[in-house]
Amino acid sequence: MAAAALVARARGRSLGGLGAACRMSPRCFAWSTDQTELEFKVKADGFDLNKLAGGISMRTNQRQVTILEGMGEKSIYNCVKALVLVNKFAEWRREDKEANPDKVPWFNRVGFVPSLRKNGEMQWVSLRVVPIEEPYSPSSSSECMRLRVGNTTPMMALQKAILNEWLQRCAGSKGEPFLCAMGAKGVSTGVKSAAKCLKELSLRKGAARNFLCFPEMVQEELPVKGELVTLTQIRLEPRERRLGTEIERRVD
């Protein structure tokens with residue numbers, strides 16, 4: 001599959017920060033209607049996050065498949081930030097429903113399914129964008145584990161922790177687990193560990209339901225200094241069974 005080059009015309013103003021990006025004006029992107037599945041190679045630096053999020057949003061609303069490809073910590077982090085922004089766009093358009101009902105997307109929000117890729121010595125992460133039609137509905141269990149991912153968190157230990165928490169979620173003894181990280185390294189480690197966990201689940205052949213990842217940015221007060229910091233929070237949610245065959249082809 002060829003990678004898509006995003007070409008856009010836009011007018012807008014930045015309000016500063018990811019969560020305060022402007023409501024986007026209509027854009028024009030360089031792909032044809034028959035390109036139902038495209039890979040967007042996301043750079044670590046020197047790209048327009050609003051443009052990328054706008055392209056993902058438009059393709060998702062057209063019911064086309066988008067796969068983000070990130071190589072390196074900052075690139076993977078940018079993939080996740082773009083999906084957070086896609087969800088902000090959808091939220092803003094629902095808020096403007098009365099004024100612009102034709103601009104409200106059919107999906108409520110988007111998540112992603114990560115997988116690890118390799119071609120020779122090159123390695124990268126693919127994030128398949130998954131549209132979700134309904135708002136989040138928590139499981140019946142009130143106990144949810146927040147797995148904090150730091151710069152020195154071992155990936156193997158995190159993978160095992162994710163798998164353990166997810167199996168308990170599938171058994172009904174716990175709610176959806178969260179990965180919480182601050183910065184590119186922690187987010188990258190979390191995404192890669194989730195991808196490894198999905199691979200393990202695929203090898204178990206139906207032992208537990210697969211999951212998708214729902215990203216958001218949240219503010220949290222540090223316990224010691226009392227400062228507010230912005231965390232990337234990734235909630236693991238059950239994947240729709242009707243999407244399983246299509247998505248699981250991407251899980252190596």
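The values are calculated or read from the model by the stated rules, or taken from the named source; none is laboratory data. Just so you know, these numbers come straight off a predicted model, no measurement behind them. Glycine gets a Cβ as well: all are built from the backbone with ideal geometry, and neighbour counts include every protein chain shown. These area figures cover heavy atoms from the full protein model, side chains too; ligands, DNA and RNA do not enter into them. Shrake-Rupley method; radii C 1.70, N 1.55, O 1.52, S 1.80 Å.
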Any aspartates and glutamates whose Cα falls less than 14 Å from that of K118, other than same-chain ones fewer than 8 residues away, would be E69, D252
Taking a straight Cα-to-Cα line shorter than 22 Å from K88, and setting aside same-chain lysines fewer than 8 residues away, one finds K41, K43, K51, K74, K97, K103
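Let a ≥ b ≥ c be the square roots of the eigenvalues of the Cα gyration tensor of segment 95-252; is it rounded (a/c under 1.5), or, if not, prolate (a/b larger than b/c) or oblate? Please list the in-between numbers first.
Values: a/c = 1.34, a/b = 1.06, b/c = 1.26.
In terms of gyration-tensor shape, rounded.
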Given a 1.4 Å probe, the accessible area of segment 144-195 per residue, as a whole number of Å², is 41 Å²
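Segment 75-120: which chymotrypsin sites (Phe, Trp or Tyr not before Pro) are DSSP loop and have at most 11 other beta-carbon atoms within 10 angstrom?
Details: sites: Y77, F89, W92, W106, F107, F112; in loops: W106, F107.
Loop-located and lightly packed - W106.
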Among I132, G175, A157, the residue whose Cα sits farthest towards the positive end of the charge dipole of segment 102-197 (+1 at Cβ of Lys and Arg, -1 at Cβ of Asp and Glu, taken about the Cα centre) is A157
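Could you rank T60, T36 by how accessible they are, 1.4 Å probe, largest area first?
Values: T60 5, T36 85 Å².
Largest accessible area first, the residues go T36, T60.
Restricting to DSSP loop positions (anything but H, G, I, E, B) with no more than 16 other Cβ atoms inside 10 Å of their own Cβ, which GluC sites (Glu not before Pro) remain in segment 131-239?
On the way: sites: E133, E143, E165, E200, E216, E220, E221, E227; in loops: E133, E143, E227.
Those satisfying the criteria are E133, E143, E227.
So for segment 32-90, what percent of the C-alpha to C-alpha distances run longer than 20 Å?
On the way: 365 of 1711 pairs.
Looking at segment 32-90, the distances longer than 20 Å represent 21 percent of pairs.
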Relative contact order as a percentage, segment 50-156, C-alpha pairs under 8 Å and 6+ apart, gives 25 percent
